2 protein chains.
Amino acid sequence: MAEDHVGPAGIVLSASIARRYYLDGRSKVEIADEFGLSRFKVARLLDAARRSGLVRIEIRHEGGIDVDLSVRLRDRYGLQHAVVVDTPDDDDASLRGHLGRAAAGLLAEVVTPDDVLGLAWARAVSAMAEALPPLPGTPVVQLTGVLSVPGGPDTSVDVVRGVARASGGTAYVFYAPFTVPDAATAAALRRQPEVARAFAQLPHVTRAVAGVGLWAPGQSTLYDAVSEEDRAALDRLGVVADVSGVFLSADGEPVATGLADRMIGIGAEQLRQIPEVLVLPYGTAKAPAVRAALRSGLVGGIVTHTALAHAVLGD
Amino acid sequence: MAEDHVGPAGIVLSASIARRYYLDGRSKVEIADEFGLSRFKVARLLDAARRSGLVRIEIRHEGGIDVDLSVRLRDRYGLQHAVVVDTPDDDDASLRGHLGRAAAGLLAEVVTPDDVLGLAWARAVSAMAEALPPLPGTPVVQLTGVLSVPGGPDTSVDVVRGVARASGGTAYVFYAPFTVPDAATAAALRRQPEVARAFAQLPHVTRAVAGVGLWAPGQSTLYDAVSEEDRAALDRLGVVADVSGVFLSADGEPVATGLADRMIGIGAEQLRQIPEVLVLPYGTAKAPAVRAALRSGLVGGIVTHTALAHAVLGD
DNA sequence: CCGCGCGGTGCTCAGATGAGCAGCAGGAGG
DNA sequence: CCTCCTGCTGCTCATCTGAGCACCGCGCGG
């Protein structure tokens, strides 16, 4: 590791060789002939130029995607896809817009006509739907019942319909609430033809898109929608996150809850059967929930923003 | 040249492949195996990443040398060596210091024990002498007589002595003025044993260092030293620059002058025989003189600073 | 004086690489 | 329906490239 002492002439020589090689794309043999050196000498000078920092290679994308964070996130959690959008901490709505557009791009890129798309309800999924370009005839399946958000945007039905319109494929939708007061009602609803038809598609779903909720006030539309007793009960069970209505503990294990019997939506086992579930979390507060979701093995892809990615990776 | 449309997934994939290839140094075959692609696909993705600017290679030196300008200057004028010191426009003294150190480094790098070094008088040459590390026993020859600069630094004799001390080689010096009032006196001086001994070395000199003067007030110690008549006469002859007392026109041709007969120093023909003459000009005003010097073919190397290099290259 | 070690150089040869080409799938148009 | 066209893929083969090795000249110490 001794500091090689090269003077100005060596630096200028190395620089012009490096220019020819890296920027002009000449071969080392050509360069050796041109400068009257052996190709080995050229190779050694180029090596030294790399090591000394004279030649600097950087991989960076000018277009709102932090590729380094994306790759680290993907590799750390063994994901199929990770996209980290490079946005300053905007308000949630702007963040959702950026994530939605990136997720739409990702989806358009990976979806094939043989795919069957499942959509959970989340505001970021809604934002994605708005930005989605035409897809090649993919059927779209609704994964969760309708959550009434006063003054909120489209319902899960609207989103599924919209995406199916963009894709030209069949929309498997149903009008049922996400949560109902008792298990019997839920069971009855599940037997309704519309619901059963959608649920019958679940084993065929190859890609799903969902949000990630942190089990805390204001961090999960589901949390905000259920009763005080349910919140407390799930807290006691160690629920940290919810993905498409599937509850997870901090270490990513699905948590069986009584609430699940009173919900109309995809279950943990069915979710696990989906080859790639894409989640679109945002807001640094959700870091623990995102970690749980990524550890669970249920999730195959993520689209998020810089701050949350840093928080999840712990730096 | 169509804009390849790649989505976020493609960008992230390309980025992680590029990272493995360019930063981790894996081979394309290894990467292909790792990602389950053909090596051709990997090569094409890497090509696309280069073209799209996802992978950026830059050649830059963090150490006061502008390698790009250096290479351009060298290639433009077919020089053996060019070093452009990246300095903000300081005062002349600071500029001379930077140039002197760079020139000292360059000289130390290229000088061999078989070289014979010639030194013209210039303040930048003096600065170089002060920064010179030990050289391997090179003889040092004085190329020009002594110019008395009131309150100035070392004379040419001092500089040659100093460099010879650093090199451990013989110092060929002589005490004679650079200019004398008449040709007869000059001829007599040249016959002096000391002077003749130094001049006899001129054919053996392999490397010389000189300044560049612009034939204008304050831009050449020689201009400032000679009489009003000489100034005017040389102006009429189209003299633009002087290098070690050799006068050049704008197109780089040596100009024969009456003044030359009254000077004790190296002549144009002898200068041309020296394999590499290194010049150390500074100050943007000197750009025309530097162009003349470089065009003349007398000069084989240059050490200068960013602003003057830009001015010389015309950008 | 010789032998030794060391930094620097260029060689060998196997493996990596690129240019060009053929095959194939998908879409447009007859 | 067929045929052409286009874009993409992976192949062949000649060339390029890197790891390791042998050599050479130099300086040092015996």
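Values quoted throughout were computed directly from the atomic coordinates according to the rules given, and no laboratory measurement underlies them. Predicted, not measured: the structure shown is a model, and the values here were computed from it. Here the Cβ positions follow ideal geometry from the backbone for every residue, glycine too, while neighbour counts run over all protein chains shown.
General remarks:
- Assuming charge only on the beta carbon of Lys and Arg (+1) and of Asp and Glu (-1), the dipole of the protein assembly as shown about its Cα centre is about 1420 debye to the nearest 20.
- Centroid-to-centroid, using Cα positions, region B:188-264 and region A:219-295 are 88 Å apart.
- Cut-off under 5 Å, modelled amide H: who pairs with B:Thr179 long-range: B:Ile264
- 20 Å Cα-Cα reach of B:Lys28 towards lysines, excluding residues that sit fewer than 8 places from it in its own chain: A:Lys28, B:Lys41
- Kirkwood-based Rg to Rh ratio, region B:182-308, C-alpha trace: 0.96
- Beta-bridge orientation, chain A: approximately 35 percent antiparallel, per DSSP, counting only bridges with both partners inside.
- The angle separating the long axis of helix A:156-167 from the principal Cα axis of greatest extent in chain A is about 50 degrees.
- MRE, 222 nm, helices only [DSSP H, n ≥ 4, -39500 (n - 2.57), over chain B, to nearest 500]: -13000 deg cm²/dmol
- Region B:163-212: equivalent-ellipsoid semi-axes (sqrt of 5 x gyration tensor eigenvalues, Cα, Å): 23, 13, 11
- Within-11-Å neighbourhood charge of A:Ala311 [Cβ basis; K, R +1; D, E -1]: +1
- Annotation: amide H-H contacts under 5 Å for A:Ile65 (H modelled 1.01 Å from N, sequence separation of 5 or more, or interchain): A:Asp86.
- Debye log10 I(q)/I(0) for region B:225-296, one point scatterer per Cα, at q = 0.16, 0.18, 0.21, 0.26 Å⁻¹: -0.56, -0.71, -0.96, -1.35
- Sequence-distant contacts, meaning Cα pairs under 8 Å at least 6 residues apart, place the relative contact order of chain B at 17 percent.
- Alpha-carbon centroid distance for the pair region A:42-60 / region B:94-117, whole angstrom: 26 Å
- Label distances, nm, A:Glu62 versus same residue in remaining copies, Cβ-directed 7 Å point: 2.2
- Under 19 Å from A:Lys286, Cα to Cα: aspartates and glutamates that are on another chain or at least 8 residues apart: A:Asp86, A:Asp89, A:Asp90, A:Asp91, A:Asp92, A:Asp224, A:Asp235, A:Asp242, A:Asp251, A:Glu253, A:Asp315
- Furthest towards positive pole of dipole, A:Gly301, A:Tyr282, A:Thr179, structure part chain A, Cβ charges: A:Gly301
- For region A:171-241, the Cα gyration tensor yields ellipsoid semi-axes of 26, 17, 10 Å (square root of five times each eigenvalue, largest first, whole Å).
- Amide N of region A:250-266 lying under 19 Å from the label point, which is placed 7 angstrom from the Cα of A:Glu194 along Cα→Cβ: A:263-266
- By DSSP, the beta bridges lying fully in region B:107-257 are antiparallel in about 45 percent of cases.
- The Rg/Rh ratio for region B:211-260 is 0.90, where Rg is the radius of gyration of the alpha carbons and Rh is the Kirkwood radius.
- Counted over all Cα-Cα pairs of region B:8-52, pairs farther apart than 17 Å make up 17 percent.
- B:Ala187-B:Ser148 FRET efficiency (beta carbon distance; Förster radius 25 Å; 0.05 resolution): 0.75
- Measuring from each Cβ of chain B to the axis that turns chain B onto chain A, the shortest distance belongs to B:Ile57, 3 (residue, then whole Å).
- Computed from label points 7 Å out along Cα-Cβ, the spacing between A:Thr170 and B:Asp33 is 4.5 nm.
- Each residue, B:Asp75 and B:Asp235, gets one label point 7 Å from its Cα in the Cβ direction; the gap between the two is 4.1 nm.
- Scanning residues 5 or more positions from B:Glu253 or on other chains, none has an amide H under 5 Å from its amide H, with H placed 1.01 Å from N in the peptide plane.
- The phi torsions of region B:204-212, fed into the Karplus equation with coefficients 6.51, -1.76 and 1.60 and a -60° offset, translate into couplings of 9, 5, 9, 9, 10, 10, 8, x, 10 Hz, rounded to whole numbers, with Gly and Pro shown as x.
- Estimated vicinal HN-Hα couplings, Hz - region A:90-106 in sequence order (Karplus 6.51, -1.76, 1.60; Gly, Pro = x): 8, 6, 4, 5, 5, 4, 4, x, 4, 4, x, 5, 5, 5, 4, x, 4
- Distribution of pairwise C-alpha distances over chain A, 20 Å bins, in %: 31, 43, 18, 9, 0
- When DSSP beta bridges are restricted to pairs lying wholly in the protein assembly as shown, around 40% turn out antiparallel.
- Position B:Glu109: other-copy label points at 4.3 nm, ordered by increasing distance, label point 7 Å along Cα→C-beta.
- Its Cα gyration tensor gives region A:102-248 an equivalent ellipsoid; the semi-axes, largest first and in whole Å, are 27, 18, 13.
- Kirkwood-based Rg to Rh ratio, the protein assembly as shown, C-alpha trace: 1.26
- A cut-off under 13 angstrom between Cβ atoms defines the neighbours of A:Leu202, and their net charge, with Lys, Arg +1 and Asp, Glu -1, is +3.
- Cβ-vector label at 7 Å, B:Asp251, separations to other copies in nm: 8.8
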